[in-house]
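Contents: one structure, followed by commentary.
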Amino acid sequence: MPEPALTPAELRALDREHVWHPYGPMPGRQEPLVVASASGVRLRLAEPAHGQHELVDGMSSWWSAIHGYNHPVLNDAARGQLDRMSHVMFGGLTHEPAVRLAAMLVEIAPEPLRHVFLSDSGSVSVEVAVKMCLQYWRSVGRPAKRRLLTWRGGYHGDTWQPMAVCDPDGGMHQLWAGVLPRQVFADVPPAGFDAGPDPSYVALLRELIARHADELAAVIVEPVVQGAGGMRFHDPAYLRVLREACDAHDVLLVFDEIASGFGRTGTLFATEHAGIAPDVMCVGKALTGGYLTLAATLCSSRVAEGISVGEVPVLAHGPTFMGNPLAAAVACASIDLLLGQDWAQQVKRIEAGLWDGLAPARDVPGVRDVRVLGAIGVVQLDHDVDMAAATAAAVREGVWLRPFRDLIYTMPPYVTGGQDLARICTAVVAAAREGRAP
Ligand code: PMP
């Protein structure tokens with residue numbers, strides 16, 4: 001006999017007592033909404049909130065659910081794989097879903113990325129990227145090259161190495177200053193996707209990389225969009241500057257495409273805006289269409305071969321769930337689904353809808369900036385948002401948003417229709433209006 005279902009009230013009580021939520025205290029202070037199911041772009045609530053039974057999802061579950069929820073193609077892929085095997089260890093064994101996925105990623109990623117390390121989450125894929133770079137320099141006889149350079153305003157995850165390259169002031173990790181490894185930080189890149197490169201910032205990047213070259217293993221950045229660090233866009237020209245300076249000074253270049261990958265900025269990978277490729281690239285989030293947790297670190301043959309000729313000629317990393325067949329099968333289906341449609345047109349359509357729909361936010365008192373790139377829309381306030389008030393305002397409009405700091409933003413599923421997109425925009429504007437901190 002199945003256990004009787006918990007009522008929403010029971011669920012909330014247990015949740016509050018036992019369950020930790022992202023970036024939250026224990027016990028939690030905010031009442032989470034209980035989601036019973038999700039389909040297409042809609043989250044169905046277990047009990048109505050502000051009169052709404054369903055919410056249009058403006059967040060793609062943090063960049064991941066690009067095809068929406070409960071998608072028949074992804075469901076079939078998961079079910080089919082479930083009947084074959086949901087998991088098997090990856091040490092000494094291999095299987096079709098992981099091999100196919102790796103081959104697909106190499107096919108769509110920019111040259112010269114040819115080798116794929118699968119892991120469980122974005123943060124772990126960044127740990128692996130850092131380990132690859134440090135180990136590369138050890139292997140080729142330059143162990144002093146073990147620091148990282150990044151620019152301020154970034155976000156790369158919550159485990160140790162990623163935390164060390166998150167924004168040191170504005171980020172969530174300033175608590176660990178003095179405990180984390182000290183990395184080299186450039187100023188935040190000047191704002192604006194098409195602002196044109198600022199010569200003094202270019203000079204600063206070049207100078208910092210040159211000055212620290214002997215101790216730098218890698219430069220790591222989010223290309224084009226800095227996500228959780230502040231939802232900022234920068235000119236892709238800076239990525240070319242990083243590429244040139246890294247080449248000139250023997251430093252590896254790592255791009256964290258965990259948020260920006262799979263079409264979100266209008267190109268399949270954000271690095272394509274710059275027409276260059278990194279030595280190492282991390283992907284995650286939308287990799288499985290938001291179904292299962294999976295990430296990948298891709299690297300060039302130079303990096304792989306360098307590691308493999310070293311004193312310890314292996315990459316010493318091997319998560320239990322490495323290459324999880326269920327996640328890999330869904331990832332293959334999600335990439336096929338993406339490439340099998342005119343995703344670029346979908347993203348363009350959303351971009352146009354966001355520009356139109358968010359324009360009224362410019363007239364809201366306290367709004368500092370409204371910006372859009374690809375399927376990402378951002379309203380920045382001149383004050384921290386009152387999260388509870390802003391979220392409630394969005395829910396009243398029938399939309400799910402999750403603002404943070406001074407930002408109310410949306411990155412909807414690519415399948416979001418015109419009316420739902422307009423609704424999301426109305427909700428963002430309402431959240432901006434009502435989310436003034438008390
Ligand atoms: N890098 C970037 C750019 C991200 O946006 C995130 C997640 N917000 C991560 C890394 C970490 O990924 P995960 O949460 O899957 O560990």
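The values are calculated or read from the model by the stated rules, or taken from the named source; none is laboratory data. Everything numeric in this text was worked out from a predicted model, so none of it was measured. Counting neighbours? That spans all protein chains shown, and the Cβs are built from the backbone with ideal geometry, glycine included. Heads up: the accessible areas ignore ligands, DNA and RNA and are worked out on the full protein's heavy atoms, side chains in. Shrake-Rupley method; radii C 1.70, N 1.55, O 1.52, S 1.80 Å.
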Most fluctuating of V364, V280, V312 in the GNM of the chain (C-alpha, under 10 Å) is V312
For E47, which sequence-distant residues (separation of 5 or more, or a different chain) have an amide H within less than 5 Å of its own amide H, given hydrogens modelled in the peptide plane? V34
Residues whose built amide H sits under 5 Å from the amide H of S119, excluding neighbours closer than 5 in sequence, are A295, A296, T297, G323
How large a share of the accessible area of the chain, in percent, is made up of carbon and sulfur atoms when the probe is 1.4 Å and the other protein chains stay in place? 55
Mean residue ellipticity at 222 nm from the helices of the chain, using -39,500 (n - 2.57) per DSSP H segment of n ≥ 4 over the full residue count, to the nearest 500 deg cm²/dmol? -11000 deg cm²/dmol
Just how many % of Cα pairs in segment 265-422 lie over 29 Å apart, if you round to the nearest whole percent? 37
Arranged from highest to lowest average of other beta-carbon atoms within 10 Å per residue, in what order do the peptides 262-270, 397-405 appear? 262-270, 397-405
Convex hull volume per residue for segment 337-406, taking Cα atoms only, in Å³: 105
Per residue, what accessible area does segment 206-269 have, given a 1.4 Å probe and all protein chains present, in Å²? 24
Convex hull projection area averaged over all views, the chain, Cα basis, nm²: 22.0
Just want the answer: with Cβ charges of +1 for Lys and Arg and -1 for Asp and Glu, which residue in L175, H115, A5 is farthest toward the dipole's positive end in the chain? L175
Taking θ as phi - 60°, what are the ³J(HN,Hα) couplings along segment 6-19 by the Karplus curve (6.51, -1.76, 1.60), each to the nearest whole Hz, with x for Gly and Pro? 6, 6, x, 5, 5, 4, 5, 5, 5, 4, 4, 7, 10, 10
With a probe of 1.4 Å, find how much accessible area segment 278-432 has per residue, and write the answer as a whole number in Å². 35
Straight-line reach only, C-alpha to C-alpha below 27 angstrom: list the lysines that K348 could link to, leaving out same-chain residues fewer than 8 apart. K285
Out of all DSSP beta bridges in the chain, what portion is antiparallel? Express it as a percent rounded to 5. 70
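Hey, can you find the accessible area per residue of segment 124-177 for me, probe 1.4 Å, expressed in square angstrom?
Per residue, segment 124-177 has 40 Å² of solvent-accessible surface.
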Can you work out ³J(HN,Hα) from phi for every residue in segment 324-338, in order, using Karplus 6.51 cos²θ - 1.76 cosθ + 1.60 and θ = phi - 60°, giving whole Hz and x for Gly and Pro? 2, x, 4, 5, 5, 5, 5, 4, 4, 5, 5, 5, 4, 4, 4
Spatially proximal aspartates and glutamates relative to K131 (Cα-Cα < 19 Å; intrachain offsets below 8 disregarded): D120, D158, D214, E215, E222, D250, D256, E257, D279, E305, E311
May I ask you to evaluate 6.51 cos²θ - 1.76 cosθ + 1.60, the Karplus curve with θ = phi - 60°, for each residue of segment 397-410 and list the ³J(HN,Hα) values in order in whole Hz, giving x for glycine and proline? 7, x, 9, 9, 10, 9, x, 8, 6, 9, 10, 10, 9, 9
